[in-house]
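Single-structure report; data block below.
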Amino acid sequence: MRIDALELDFFRNYVHLEADFDPAVNVICGDNAQGKTNLLEAIAYLSGVSHRARYDKELIQFGVDRAFLKGELTARGRNFVLEAELHRGQRKALRSNGVKLKSAAELSGIFQSVLFCPEDLYLIREGAAARRKFLDDCICQLRPRYAEALAEYRRLYEHKTRILRDSEEKPSLLDTLDEFSLGMAKAGAVLIHYRAHFVKRLRETAPAVHRDFSGGREQLELRYETVSTVTDPEAAPREIFAQLLAHQEAHRAAEIASRQCLSGPHKDDLIVEIDGNLAKSFASQGQTRTAALSLKLAAREIFQQDAGEYPVLLLDDVLSELDPRRQEFVLNRIQGGQVFITCCEDDRLDRLLGGKVFRIAEGRVI
Ligand code: ATP
Ligand code: MG
């Protein structure tokens, strides 16, 4: 899978960009705040992932009303032209080969990317939300049905939270509570089922990556942690649904008293252990970075197994934060697919890597 060409209009700090990429390595160089991350963000956007922006309108250039992205790519031996038109205060329009798409999830079905950025180096240390986001971003790209269930679950969660919060002043709001619990159990069961299966695949892939990475010294272990009453998270969603619903019903009074959604997949976590110790609490700085990289590179392997080819790998500023041995490990591990790597001028990554070098200044390739 690769992106051959990209065109941007009024995307972030790019007024207009046209670029042709190398099928293997693309090094994006430039000083701070010139548009390196923005370029990776544009590529990631075409794969249906928004990693930085909460809202599409943040992607549109300041003072302008619309932005346009167009990528020409090759996936599964076919050519695609993906386009996105973003408007302020209007729905976005997405197209593949001129045909309208319903959602960003459909972009993921065509084109996939794995992004690794400096914040990810701390994936292990952060709260559970960061690891849930990692799982969600991966699974959304692999399974469109998951993306739908996730959007539905979030919508219901926010609505139910508002009901619980406002119920003291307006008790009649509670009449609809059971309906929301039912919907959340339904969507939640789908989330748990897919997360459990994805973690199972991570368990088959990540420990080997981590072992190589640590020179054969460390053993990584992963475990999916979800609602306590779910006996088998890998079971069919229908079974999980019944257990979730029972749990919510048992906690109905507690939810009303605390005015919060108490249990559900919104509290899930991915437990990471290194040599039997909880990584979040005991791992060293270097170990947490190694484990985080292992998870991301394992995700890339899983995408490859699924699609039959590697997703595009986007490495934002991470190499400069690693020691030379780990840099070399990453560079050896990422052979085989297309990769974009950002760096600052003085890193001299271009010499290390070869490939095509783009120098970015003030939202332009120079
Ligand atoms: P660093 O090396 O510091 O990571 P970078 O080259 O990755 O820098 P970017 O994150 O790509 O920098 O951002 C480049 C510039 O784009 C920033 O100065 C930022 O303020 C600007 N920018 C971000 N969003 C918009 C927008 N919607 N409109 C115009 N400019 C924007
Ligand atoms: Mg950057």
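The values are calculated or read from the model by the stated rules, or taken from the named source; none is laboratory data. Predicted model, so just to flag it, every value in this text is computed and none were measured. Because the Cβ atoms are built from the backbone with ideal geometry, glycine has one as well, and the counts that use them run over all protein chains shown. These accessible areas exclude ligands, DNA and RNA; they are computed on the full protein's heavy atoms, side chains included. Shrake-Rupley method; radii C 1.70, N 1.55, O 1.52, S 1.80 Å.
Would you work out which of 308, 298, 287 lies farthest towards the positive end of the dipole of the range 282-328, given +1 charges on the beta-carbon of Lys and Arg and -1 on that of Asp and Glu, about the Cα centre? Sorting the options by dipole projection puts first 287.
Measuring with a 1.4 angstrom probe and ignoring ligands and nucleic acids, residue 225 comes out at about 80 Å² accessible.
Against the chain, whose longest principal axis comes from its Cα atoms, helix 177-213 is set at around 40 degrees.
Here the chain yields Rg over Rh of 0.99, to two decimals, using C-alpha coordinates and the Kirkwood radius.
Full extension of the chain between residue 305 and residue 254 gives 14.0 nm of extra length, using 0.36 nm per residue less the Cα-Cα distance. Overall, the chain carries a charge dipole of about 440 debye about its Cα centre when +1 sits on the Cβ of Lys and Arg and -1 on the Cβ of Asp and Glu, all other atoms neutral.
For the chain, what proportion of DSSP beta bridges, expressed in % and rounded to the nearest 5, is antiparallel? So the antiparallel bridges amount to about 70 percent of the total. To the nearest 10 degrees, how steeply does helix 36-46 sit against the main Cα axis of the chain, on a 0 to 90 scale? It works out to around 60 degrees. Residue pairs exceeding 22 angstrom between C-alpha atoms, taken from 133/200; 133/267; 133/280; 296/356: 296/356. Put a dot 7 Å past the Cα of residue 24, heading toward its Cβ, do the same for residue 320, and the two dots end up 2.5 nm apart. Helix-only arithmetic for the chain: the sum of -39500 (n - 2.57) across DSSP H runs with n ≥ 4, divided by the residue total, places the mean residue ellipticity at 222 nm at -14000 deg cm²/dmol. In a fully extended conformation the segment linking residue 103 and residue 81 would gain 6.3 nm over its present Cα-Cα distance, using 0.36 nm per residue. Out of all Cα-Cα pairs in the range 265-316, roughly what percent, to the nearest whole number, are more than 13 Å apart? Distances greater than 13 Å cover 66 percent of the Cα pairs. With contacts taken as Cα pairs under 8 Å at a separation of at least 6 residues, the range 183-239 carries a relative contact order of 48 percent. Working ranking of peptides 170-179, 235-244, 296-305 by packing, defined as the average number of other Cβ atoms within 10 Å per residue, highest first, is 296-305, 235-244, 170-179.
Round to the nearest 10 and give me the degree value, 0 to 90, for the angle of helix 144-166's Cα axis relative to the longest principal axis of the chain. Roughly 50 degrees between the two axes.
Are there trypsin sites (Lys or Arg not before Pro) in the range 1-109 that DSSP puts in a loop and that have at most 12 other Cβ atoms within 10 Å, and which ones? Answer in residue order: 54, 76, 88, 102.
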